[in-house]
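Participant: To start, I am sharing the structure in question, which I have written as structure tokens.
The values are calculated or read from the model by the stated rules, or taken from the named source; none is laboratory data. Owing to the predicted nature of the structure, the values given are computational and were not obtained by experimental measurement. All Cβ positions, even for glycine, are placed from backbone atoms using ideal geometry, and neighbour counts span all protein chains on display.
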Amino acid sequence: MNLKNISKYVESSSKVIMTIIVFLFAVHILQIITVELSSEIYRMLTKTKRDLSAAEPTKQLSDAEKRLWRIHLSGKNFLPNGTIHLTSSKGRTPSRFDETEKIQIHDANDVLIWQGIKSENPYEYLTWSDQRFRPYTMYHQHFTDRRMNELQMITPEFSRVLEIPVGAQDGTVQVWRYLPGSDLFMGYRLDGSIIGFLGSTGLAHSKSEARPFGRFKLQSSWFPAGASEPTVLWQTSRRLYEINFQKQQVQLVFESPQANIKAVMLRECRPIDTQMQKEQKIKYRPTIRIGTEIKKQLLIMRNPEQKLTITFPDDRWSGALNFAATGEGVFLIHHDTEIRVPEAYLKSPELYQQWVSKHEGKPYKQWVELYKVDNQANFHLLNRYEWTVPREFGPKIRRKSFRLQVQRGAMAFSSPLYDLAWLLFGPVFFIQHSQGNDFVSGLISEIRPTNSLWCCLLSIAMVGIAFLHGWPRRTSWGKLIFWLAFTLVFNLAGLLTYLALNHTTVIKCPVCGRRRGLIQVNCVRCGAELPIPERRKTDLIFNT
Amino acid sequence: MRFSALLRKELRESLPWMLLAAIVFLAIGGFLLRQAQLGGWYDWSERYFSSRPTYGLQYRHSPLQPIGPVLLLTSLGLGLVLGVRHFWIPYFTRTWPFLIHRSVDRKTIFWAKLAAAIIAFLISLGAVWAAFYSYSCDPERFTMLPIKRVFIEGWLFVLLGLIVYLGTALTGLSKARWYTTKIFGLAFATVIICATIFEWRIGWAFAAIIIGAVILLSPIIDTISNREF
């Protein structure tokens, strides 16, 4: 194969790649326009109908049903001694925001024990740390790796840098700037001079001496007891560091050598308003809760220093519980239900649909349990409350909205390759990557043809069109088969690419009378050569 | 010798646009940078430490932030204008036949045009960008200095201009109709720009630009070597 042939192949493949990329984007833009435009038109057309139906009277509930609704919707609050109170809000008059919120408190037997203005509630309940302790959800108060990626995005205004300003003891100000490439902090003084580099082993005076922290995952500030300056809690894949920028110290708080850290959550680490602190009877301890991929959780508490490694009796507990470390002990609250969502629901939407169909429209039991955790991390049940969830609150099959139907129809024109990638890598991979600001993963999650049957049928139809077009124009079997396979793989974008790069004029063969392309000298059907034009008087060149 | 003669000719034709781009970028960019310096909004120490004990992370833009859009737009504009000047204007002035009937290979003509475009980008945008960066790196002018990554991102913007140049060249050379594949060169350049601007990994952004350039160069070379003018 000589250089000319190689360059010819490179040129042809470049054209194909360029055209398919452009068409994939064009098809995607058309899909978005179709979905948005049709849903907007549908919304406008159905607005009047919706307004009329909203004016119809709603169904009246019986007293027993009202009671079930109230119990289900009320807050299940525990006192430190384990007593449960059901707290329900009486609500405000619509559009009267100046009204004070009133509440009713019932005991476990549904006897009213107190009612009045919420702020005058005589009881102080245990409060729980953040509920969002799940691997794929965002932390609202912390700085995650997703936010870090957003900062580094090459926008027209350039990327941004993460900086931690620190007031030094001598009144000067320092700034510690995170260097994402080397996973280090670089310290500056106000005059621009460099203080040094902070890494996993502490302060170093040169970049080469400093050891990197590792791949960043999460950051949050942390106030040690009595300190006015915060230290920073810095989480990597397997380690958790406490960084005190003022003292220029780094301390390894936790290391998980065998498994990645799944989540880190803080409790009472931020400074509390002193007035509010005085009024509180329950004294909470600063707590860091760490979950790893091996289903173990670690509680690191202060005042006094204490570490507890907790193993759960059931793997699925870890997603529906919360801790509160107080002066009186460590408490654990656990919510559960008799109808649990299938564990593999992310991987199998069919399984999830089956589960919903089985329980739709049926009341079910739900319960909440309060445990006290001793110093050996054993659980002691303090109280348990069970109630019936009204059927209206049960799982519901998502009715196919118009938008969803249009979306599924439009995405059927996408390439089946997206579905293949989805199957190969799994939904968890794409969810994690798209949350980490990976553009391609987000795109694939959005535009993959979920309705595989329609997508396959459409792909076959595209192949049929390509075949009809290509048969009279074919120059070689290999080329025709390649383009048919290409169209099958890329669906509409594949067909458009094929047409863009292969369309030629056809003529009627003077011998067999059927259509034939002009690229091939011989007719693809009868083998006859192209007709020689008749000589005319004005022709200057004649065959001799 | 022939190449250098062609290069001089292309540079001579590109000179007005080079100068215009350099002046626009220098004037607007310089004004914005000076405003950022004089305005004092960048002096975070006063802003964040006057109300102690306020504490928080700062997601800081570089002092070169306002220059970014100017650099990007000027670069894209220069790419478009040079592409039009090198590959479209010869159609209108009917000078293609004069050019390709010189005793040089057609590819040499293309390389001379590309070299002229690269030089134009280096001088009119690259040099000015480097000057702005070094200006903002002086601690006496700005409290905090920009990081090296911003400098690299600026060069990415310059390279995006070259991608637009190649896209315009392919579109200009194509014999297809406007509503068919003729526009694909520019459309592909747009895709590469989007892929770069929404990326947060510098390496991936460079990879997208290099792959895009190779994909555009290959059909350009083939077209200029084989098409009739």
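Participant: What number of residues in segment A:242-268 are in a loop (DSSP other than H, G, I, E, B) and within 26 Å of A:GLY167 (Cβ to Cβ)?
Facilitator: Residues of segment A:242-268 in a loop (DSSP other than H, G, I, E, B): A:245-248, A:256-260, A:268.
From what's left, within 26 Å of A:GLY167 (Cβ to Cβ): A:245-248, A:268.
Qualifying residue count for the region: 5.
For every residue, the table says whether it meets (1) crowded, with 21+ Cβ neighbours inside 10 Å; (2) within 10 Å of chain B (Cβ to nearest Cβ).
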position	(1), (2)
A:PRO156	no, yes
A:ILE164	yes, yes
A:GLY167	no, yes
A:VAL173	no, yes
A:LEU179	no, yes
A:SER182	no, no
A:ILE194	no, no
A:PHE197	yes, no
A:HIS205	no, no
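Participant: Kindly indicate which of B:ALA205, B:ALA187, B:ALA195, B:ALA176 is within 10 Å of chain A (Cβ to nearest Cβ), part of a loop (DSSP other than H, G, I, E, B) and over 21 Å from B:GLY29 (Cα atoms). First the steps, then the outcome.
Facilitator: On the way: B:ALA205 fails: part of a loop (DSSP other than H, G, I, E, B); B:ALA187 fails: part of a loop (DSSP other than H, G, I, E, B); B:ALA195 fails: part of a loop (DSSP other than H, G, I, E, B).
Within the list B:ALA205, B:ALA187, B:ALA195, B:ALA176, the selection yields B:ALA176.
Participant: List the number of the failed condition for B:THR180; all other conditions in (1) surrounded by 22 or more Cβ atoms within 10 Å (Cβ to Cβ); (2) in contact with a helix residue (DSSP H, G or I) (Cβ under 7 Å, 6 or more places away or on another chain) hold.
Facilitator: (1)
Participant: Of all residues in segment B:147-173, which are surrounded by 23 or more Cβ atoms within 10 Å (Cβ to Cβ), of a type in the set (Phe, Trp, Tyr) and within 11 Å of another protein chain (Cβ to nearest Cβ)?
Facilitator: B:PHE157
Participant: Tally the residues that are part of a helix (DSSP H, G or I) and either crowded, with 17+ Cβ neighbours inside 10 Å or modelled with pLDDT of 75 or more (or both), restricting the search to segment B:49-83. Before you say what the answer is, go through the steps one by one.
Facilitator: Pass one, segment B:49-83, residues part of a helix (DSSP H, G or I): B:49, B:67-83.
Now narrow it down to the ones that are either crowded, with 17+ Cβ neighbours inside 10 Å or modelled with pLDDT of 75 or more (or both): B:67-83.
Number of matching residues: 17.
Participant: Taking the residues in segment B:208-229 that are free of Cβ contacts under 8 Å to residues at least 40 places away in the same chain, more than 7 Å from chain A (Cβ to nearest Cβ) and closer than 20 Å to B:LYS182 by Cβ as candidates, determine which candidate is nearest to the chain's Cα centre (by Cα).
Facilitator: B:ASN226
Participant: Report whether or not A:PHE254 is surrounded by 14 or more Cβ atoms within 10 Å (Cβ to Cβ), at pLDDT below 85, aromatic (Phe, Trp, Tyr) and on the phi < 0 side of the Ramachandran plot. Before the answer, list the steps.
Facilitator: Values: surrounded by 14 or more Cβ atoms within 10 Å (Cβ to Cβ): yes; at pLDDT below 85: no; aromatic (Phe, Trp, Tyr): yes; on the phi < 0 side of the Ramachandran plot: yes.
No, not satisfied.
Participant: Then there is this: Kindly indicate whether any position in segment A:167-186 is touching a Pro at 6+ places or on another chain (Cβ under 9 Å), within 30 Å of A:PRO304 (Cα to Cα) and at pLDDT below 85.
Facilitator: yes
Participant: Is it the case that B:PHE142 is part of a loop (DSSP other than H, G, I, E, B) and either within 27 Å of B:THR223 (Cα to Cα) or more than 7 Å from chain A (Cβ to nearest Cβ) (or both)? Give the steps one after another, and end with the answer.
Facilitator: Values: part of a loop (DSSP other than H, G, I, E, B): yes; either within 27 Å of B:THR223 (Cα to Cα) or more than 7 Å from chain A (Cβ to nearest Cβ) (or both): yes.
So B:PHE142 fits the description; yes.
Participant: Still on this model: How many residues are of a type in the set (D, E, K, R) and crowded, with 17+ Cβ neighbours inside 10 Å when one looks only at segment B:183-209? Break it down stepwise before answering.
Facilitator: Step one: of segment B:183-209, the residues of a type in the set (D, E, K, R) are B:199, B:201.
Cutting the leftovers down to crowded, with 17+ Cβ neighbours inside 10 Å gives us B:199.
The number of residues fulfilling the criteria is 1.
Participant: Output the residue which, of all residues in segment A:391-417 that are in a loop (DSSP other than H, G, I, E, B) and crowded, with 17+ Cβ neighbours inside 10 Å, is modelled with the lowest pLDDT.
Facilitator: Applying the filter and picking the extreme gives A:PRO395.
Participant: Tell me whether segment A:373-390 contains one or more residues that are farther than 30 Å from A:LYS66 by Cα, assigned to a loop (DSSP other than H, G, I, E, B) and either in contact with a His (Cβ under 8 Å, 6 or more places away or on another chain) or among the hydrophobic types (A, V, I, L, M, F, W, C) (or both). Outline the logic, then answer.
Facilitator: To start, the set of residues in segment A:373-390 that are farther than 30 Å from A:LYS66 by Cα comprises A:373-381.
Imposing the further condition that a residue be assigned to a loop (DSSP other than H, G, I, E, B) reduces the set to A:374-378.
Within this subset, residues satisfying the condition of being either in contact with a His (Cβ under 8 Å, 6 or more places away or on another chain) or among the hydrophobic types (A, V, I, L, M, F, W, C) (or both) are A:374, A:377.
There is at least one residue in segment A:373-390 that is farther than 30 Å from A:LYS66 by Cα, assigned to a loop (DSSP other than H, G, I, E, B) and either in contact with a His (Cβ under 8 Å, 6 or more places away or on another chain) or among the hydrophobic types (A, V, I, L, M, F, W, C) (or both).
Participant: Kindly indicate which of B:LEU99, B:LEU170, B:LEU122, B:LEU159 is modelled with pLDDT under 90 and in a helix (DSSP H, G or I). It would help to see each step written out before you state the result.
Facilitator: Details: B:LEU170 fails: modelled with pLDDT under 90; B:LEU122 fails: modelled with pLDDT under 90; B:LEU159 fails: modelled with pLDDT under 90.
Result of the check over B:LEU99, B:LEU170, B:LEU122, B:LEU159: B:LEU99.
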